[in-house]
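Report on the following structure.
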Amino acid sequence: MRRYSFHIAKETIEHQFNIKVDKPLPKSYQIIPKQAGCVILNEDPSRVRFLNWGLIPADSKDGINDGRLINARMETISSQPSFRMPIRTKRCLILADSYYDWNDKGLKKYPYRIVPHNKSLMVIAGIWDTWGKGEFLINSFSAITTKSNGMVQKIANRMPVVIETKEEQIRWLSDLTLKESLAMLHPPKEDFLNVYRITEKANSSKYNASDLHNEVSVPLNNDTNTKN
């Protein structure tokens, strides 16, 4: 996952997780690495937090978010030095309404929006960590990725782990063993997501407007300059 959107009413989150959101939520049509994203931490599932996207491991020497750890592969998450402790003790839910990806199977890359078919809240499995000491602490997160399901496979080989049901979302934040946590990391069902082309304005990380959610009327498999 390289970018995603968060344009959600706080009432939707309150209903989904039975929590109270006291302040207005900042919305964005394009959240990019190192920016703040809305998450719920297993440490305190009774409220939403805004953490920077791109994990800064607790043992980082300089505490710099260089954007390299925005994603954690589920296949190696339990053994990678930066991720192996967070997957055991610091899990989170990343809240979104959709994410974006680019078709990497042709000569030209085209942007797509991936969204729940019923336009419900998109909840992505993540991990988080804290860097620093005393009063100077930085919290940050990574999204967990897996191999794409059949729908997303048409444009990309990887996708975030989207947790489909409210029960599974609550479970992700509960006290789980490593084995139980890893068992939850898999692609969503084929019919859970909808994929469609969007404006090429999305190619600019600085572009942030509502038309990023609009479908461009080009069939998924009919992109020009696509390889056979």
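When the stretch 20-31 is filtered for residues that are touching a residue at least 24 places away in the same chain (Cβ under 8 Å), surrounded by 16 or more Cβ atoms within 10 Å (Cβ to Cβ) and not aromatic (Phe, Trp, Tyr), the ones remaining, listed by number, are Val21, Ser28, Gln30, Ile31. Looking only at residues in the stretch 159-178 that are within 15 Å of His15 (Cα to Cα) and not β-branched (Val, Ile, Thr), the one that is surrounded by the most Cβ atoms within 10 Å (Cβ to Cβ) is Gln169. Within the stretch 173-182, none of the residues are without any contact (Cβ under 8 Å) to a residue 12 or more places away in the chain, out of contact with any Pro (no Cβ under 6 Å at 6 or more places or on another chain), under 26 Å from Lys34 (Cα atoms) and of a type in the set (D, E, K, R).
Scanning the stretch 147-158 for residues being within 16 Å of the chain's Cα centre (by Cα) and either surrounded by fewer than 19 Cβ atoms within 10 Å (Cβ to Cβ) or not β-branched (Val, Ile, Thr) (or both) gives a total of 6. With respect to Tyr29, is the statement that it is of a type in the set (Phe, Trp, Tyr) and in contact with a helix residue (DSSP H, G or I) (Cβ under 6 Å, 6 or more places away or on another chain) true? When the stated conditions are applied, Tyr29 passes them. The test for being of a type in the set (D, E, K, R), surrounded by fewer than 20 Cβ atoms within 10 Å (Cβ to Cβ) and either touching a Leu at 6+ places or on another chain (Cβ under 7 Å) or within 14 Å of Met1 (Cβ to Cβ) (or both) does not hold for Lys133.
Looking across the stretch 173-195 at every residue that is among the small types (Gly, Ala, Ser) and either assigned to a helix (DSSP H, G or I) or under 16 Å from the mean Cα position of the chain (by Cα) (or both), the one that is farthest from Ile155 (Cα to Cα) is identified as Ser181. Taken across the stretch 66-77, residues that are among the small types (Gly, Ala, Ser) and at pLDDT below 95 do occur, with at least one present. Only one entry of Arg91, Arg68 meets the criterion of being surrounded by 22 or more Cβ atoms within 10 Å (Cβ to Cβ) and on the phi < 0 side of the Ramachandran plot, and that entry is Arg91. Within the stretch 116-130, the set of residues being surrounded by 15 or more Cβ atoms within 10 Å (Cβ to Cβ) and part of a loop (DSSP other than H, G, I, E, B) comprises just one member, Leu121.
For the stretch 135-172, the tally of residues that are more than 21 Å from Lys34 (Cα to Cα), out of contact with any Pro (no Cβ under 9 Å at 6 or more places or on another chain) and in a strand (DSSP E or B) stands at 0. Among the residues making up the stretch 133-157, those that are of a type in the set (D, E, K, R) and touching a residue at least 40 places away in the same chain (Cβ under 8 Å) are Lys147, Lys154. The set of residues in the stretch 30-52 that are charged (D, E, K, R) and more than 21 Å from Ser205 (Cα to Cα) comprises Glu43, Asp44, Arg47, Arg49.
The values are calculated or read from the model by the stated rules, or taken from the named source; none is laboratory data. The structure presented is a predicted model; accordingly, all values stated were derived computationally and were not measured. Note: ideal-geometry Cβ built from the backbone for every residue, glycine included; neighbour counts use all protein chains shown.
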